[in-house]
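Please read the structure below before turning to the comments.
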Amino acid sequence: MTTITRILALSGCIIGISLLHYLTPLHLHYLHDIFQRLYYLPIILAAFWFGLRGGLCCSLIVSIVYAPHILFQWGGHLTMEMEKYMEILIYNTVGGVTGLLSQREQERSVQLQKTATGLKESYQKLQHQSEQIIVIEEQLRRTEKLSTLGEMAAVLAHEIRNPLGSIRGTAEILKDDYQPGDPKYEFIEIQIKETERLNRVVQDFLHMARPQQAEMQPCPVQKELDTIVTLVSNEAKDRQVNLVLQPQPLPAIINADGEKLRQAFLNIVINALQATPKGGSVTISTTISENGFCEISFHDTGAGIDADTLGKIFEPFFTTKPEGTGLGLAISKKIIESHNGTLVIESEHACGATVTVRLPILDPINGEKG
Ligand SMILES: Nc1ncnc2c1ncn2[C@@H]1O[C@H](COP(=O)(O)OP(=O)(O)O)[C@@H](O)[C@H]1O
Ligand SMILES: [Mg+2]
């Protein structure tokens with residue numbers, strides 16, 4: 001109910017009761033007694049609705065309207081007149097006291113509401129902070145894992161690389177004793193290739209643990225992606241997976257360490273190829289968003305990733321593959337983040353997975369970040 005309707009209702013009430021007083025003949029005094037009590041209705045309502053001022057205002061109006069009736073119509077009956085003046089006094093007392101009480105009640109409820117709102121805000125703040133703590137703890141755990149990994153990797157790398165060097169060296173010497181085409185020559189070739197692969201794995205560990213200084217320079221995204229597609233096209237053919245690089249609408253240049261970026265893209269594309277069954281496809285597409293970012297998405301038609309796995313795929317050493325190292329995504333994420341970008345994986349069950357890499361683009365004219 002609005003204030004105006006309330007005032008109108010109160011006025012209507014007072015006018016109606018007063019008319020009843022003024023128009024009822026005096027010999028029906030029992031009716032006058034009833035009408036007299038009816039005035040409490042608007043007074044108490046006004047007190048409830050408008051507090052002390054409303055209650056008093058209403059009782060005063062009632063007094064003013066009622067007084068002439070007492071003075072001029074009941075003037076002859078002295079006891080009756082006195083009684084009715086007393087009633088006026090009680091009207092005002094009731095208006096004042098009820099108004100005061102209801103006003104206090106209203107003030108208290110407003111206060112309570114304020115406290116409740118304050119509490120709710122504090123609770124939300126607390127919740128937000130605890131969420132942040134959880135995220136930070138998670139990051140800390142990961143950093144801890146990585147730093148232990150770093151120390152281990154440095155020692156391991158040293159211990160492994162030296163004997164690897166000797167193995168490779170001796171294999172090269174042995175190779176000279178055989179002619180190409182000889183099966184032993186092929187075996188030794190395999191030995192050398194595998195030693196190289198091992199060396200790369202060790203290097204990966206080191207990359208992950210002790211990132212080297214990045215050599216940043218303007219890199220055209222499409223050119224890097226072209227290189228990746230060329231590199232893995234044979235692998236895609238072997239797996240009978242259709243690898244598609246969609247043409248880019250606008251050339252995007254980013255400030256990056258090309259080698260690292262290729263390493264990240266390669267990890268992502270190889271994961272996609274490994275996840276896609278025969279006859280499936282892996283599509284790479286690039287879009288440029290308005291806020292100066294380039295979004296490269298790698299979509300595959302593999303089995304997708306369930307929610308449980310999705311929560312762990314960035315953890316170093318997490319793998320679901322018998323021959324996986326579980327380092328690919330951890331390294332890729334680190335590389336993309338060191339380029340001020342983000343790497344996100346989304347997946348719907350049975351609809352494949354989409355890896356989206358977002359990187360800030362360079363303004364090609366000024367060489368500034370867009
Ligand atoms: N495109 C993808 N589709 C399905 N699963 C994926 C995809 N990419 C990554 N994964 C999951 O993430 C895990 C971790 O990937 P990664 O860090 O590259 O290590 P690895 O490839 O050695 O297993 C994979 O073992 C696989 O379960
Ligand atoms: Mg991988």
With r defined as the distance between the Cβ atoms of Leu8 and Ile134 and R0 fixed at 51 Å, what FRET efficiency is calculated, to the nearest 0.05? 0.35
As I understand it, the value is the acute angle between the Cα axis of helix 183-209 and the longest principal axis of the Cα atoms of the chain; what does it come to in degrees, rounded to 10? 30 degrees
Where only C-alpha atoms are counted, convex hull volume of region 217-369 per residue in Å³: 109 Å³
Taking a quarter of the surface of the Cα convex hull of region 135-209, what do you get in nm²? 5.8 nm²
Once the in-chain neighbours fewer than 8 apart are removed, the aspartates and glutamates whose Cα is under 15 Å from Lys333 read Asp204, Asp257, Glu259, Glu295, Glu315, Glu346
Would you mind checking which residues have amide H under 5 Å from Leu245's amide H? H placed 1.01 Å from N; only 5 or more apart, or other chain. Ile284
How about Lys184: which lysines have a C-alpha closer than 19 Å to its C-alpha, ignoring those fewer than 8 places off in the same chain? Lys175, Lys193
Charge dipole (debye, nearest 20) of region 3-119; +1 at Cβ of Lys and Arg, -1 at Cβ of Asp and Glu: 440 debye
Flagged as over-length at 23 Å C-alpha distance, from Lys120/Lys312; Lys237/Lys321; Lys312/Lys334, the pairs are Lys120/Lys312
Region 213-225 - phi-based ³J(HN,Hα) in whole Hz, Karplus 6.51/-1.76/1.60, Gly and Pro as x: 4, 7, 9, 7, 7, x, 10, x, 4, 4, 5, 4, 5
Rounded to the nearest 10, the angle in degrees between the Cα long axis of helix 258-275 and the longest principal axis of the Cα atoms of the chain comes to 80 degrees
Using the eigenvalues of the Cα gyration tensor, what equivalent ellipsoid semi-axes result for region 203-301 when each is taken as the square root of five times the eigenvalue, whole Å, largest first? 23, 19, 11
Over 31 Å, how big is the tail of the calculated P(r) for the chain, in percent of all Cα pairs? 62 percent
For q = 0.11, 0.17 Å⁻¹, Debye-computed log10 I/I(0) when each Cα of region 3-119 counts as one equal scatterer: -0.42, -0.81
Diffing region 167-173: the Karplus 3J(HN,Hα) column from phi (6.51, -1.76, 1.60, θ = phi - 60°), in whole Hz with x for Gly and Pro, holds 4, 4, x, 5, 4, 4, 5
Arg200/Leu250 FRET efficiency (R0 30 Å; Cβ-Cβ; nearest 0.05): 0.30
Solvent-accessible area, 1.4 Å probe, carbon plus sulfur percent, for the chain: 61 percent
Can you tell me the FRET efficiency between Tyr185 and Arg141 if r is taken as the Cβ-Cβ distance and R0 is 41 Å, rounded to the nearest 0.05? 0.25
Run the reach check for Lys114 against lysines, Cα to Cα strictly under 26 Å, same-chain hits fewer than 8 apart removed. What comes back? Lys125
Pairs of Cα atoms under 8 Å, at least six residues apart: use those to get the relative contact order of the chain, whole percent. 10 percent
HN-Hα couplings for region 246-255 via Karplus (6.51, -1.76, 1.60; θ = phi - 60°), in whole Hz with x for Gly/Pro, come out as 6, x, 8, x, 10, x, 10, 10, 10, 8
Expressed per residue, the solvent accessible area of the chain in Å² (1.4 Å probe) is about 62 Å²
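The values are calculated or read from the model by the stated rules, or taken from the named source; none is laboratory data. Please read these numbers as outputs of a predicted model, since none were measured by experiment. Methodologically, a virtual Cβ is constructed for each residue, glycine included, from the backbone with ideal geometry; neighbour enumeration extends over all protein chains shown. Only protein heavy atoms, including side chains, enter the accessible area calculation; ligands, DNA and RNA are left aside. Shrake-Rupley method; radii C 1.70, N 1.55, O 1.52, S 1.80 Å.
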